[in-house]
Structure formats: structure tokens, C-alpha cells
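Participant: My structure is below; once you've seen it, I'll send some questions.
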Amino acid sequence: MKNFTILIPVYNDWESLEKLLNEINFFVKDIKNCSFSCLVINDASTLPISNIKKPKNISSIRIINMKENQGHARCNAAGLKYIFEKEEFDYVIPMDG
């Protein structure tokens, strides 16, 4: 089985993240022998994190909180470092939240 990790930086736009997760869920539903997980990097959002529901076809959603706003490029770098050090994966897909 191939493991895909989707990396998504987010700053305050929790509604768009939820829409994106639902779109990912829809597009991966028919892909066999693959696992899809999401790593969300919260770029020190000033709005509270909404109650994010894990869609059926996504195996896990993890949120990492940055201490201060760094911008999406730094969030991607921090997320990639985390993935390479702590996750088992075959592919990483960076996306914009």
C-alpha cells in the first residue's frame, strides 16, 4: 500500500480547509491500495480552530501549531521536516489551504 501525506498550511481560513478536505475525500474515494493522511500546519492563526471532521477516505488529520506567523513557505518547510523525521510515507503532496 502506498502512503500519501498531504501537507496543508493554514492561516485563519478553517472554512476553506474543511472544503478542501471534503474535496480530497471525494477525489481519493476510488483509489485502491493507497492511504491518504493530512498534516495541517496552523500558521499561528488568530481565529480559533473550527471542529474539523475527518472525512471517511482520509486516514488521519494532524494539526501542528506554529508559535508565530511565518508564512506559507516556512510552514511548508516545517511540515516537510516533521514528515521526514516522524512519518512513514511514500509521497508528499503540498497543497494550499
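The values are calculated or read from the model by the stated rules, or taken from the named source; none is laboratory data. Please read these numbers as outputs of a predicted model, since none were measured by experiment. Don't worry about glycine lacking a Cβ; one is built from the backbone with ideal geometry, like all the others, and counts go over all protein chains shown. Ligands, DNA and RNA are excluded from the accessible area calculation, which covers all protein heavy atoms including side chains. Shrake-Rupley method; radii C 1.70, N 1.55, O 1.52, S 1.80 Å.
Participant: How do the pairs read when you match residues in segment 59-81 that are over 30 Å from I31 (Cβ atoms) with residues anywhere that are open to solvent by 50 Å² or more (accessible area, probe 1.4 Å), using Cβ under 7 Å and keeping only pairs 6 or more apart or on different chains?
Facilitator: If the second residue must be open to solvent by 50 Å² or more (accessible area, probe 1.4 Å), the pairs left are N69/Y11.
Participant: Report the residue count in segment 74-97 for those that are over 22 Å from K19 (Cα atoms) and among the hydrophobic types (A, V, I, L, M, F, W, C).
Facilitator: Total satisfying the criteria: 6.
Participant: Considering only residues that are in contact with a Phe, Trp or Tyr (Cβ under 8 Å, 6 or more places away or on another chain) and of a type in the set (K, R), which ones fall in segment 1-44?
Facilitator: The answer is K2, and nothing else.
Participant: Quick one: M1 ticks every box in (1) modelled with pLDDT under 95; (2) out of contact with any helix residue (DSSP H, G or I) (no Cβ under 7 Å at 6 or more places or on another chain); (3) open to solvent by less than 70 Å² (accessible area, probe 1.4 Å) bar one, so which box is it?
Facilitator: Condition not satisfied by M1: (3).
Participant: Which condition breaks for S35 when tested against (1) in contact with a Cys (Cβ under 9 Å, 6 or more places away or on another chain); (2) touching a residue at least 24 places away in the same chain (Cβ under 8 Å); (3) hydroxyl-bearing (S, T, Y)?
Facilitator: Condition (1) is where S35 drops out.
Participant: Moving on to the next point. Which residues, counting only those in segment 1-28, are closer than 18 Å to M95 by Cα and of a type in the set (D, E, K, R)?
Facilitator: If the condition is that a residue be closer than 18 Å to M95 by Cα and of a type in the set (D, E, K, R), then D13, E15, E18, K19, E23 are the ones that fit.
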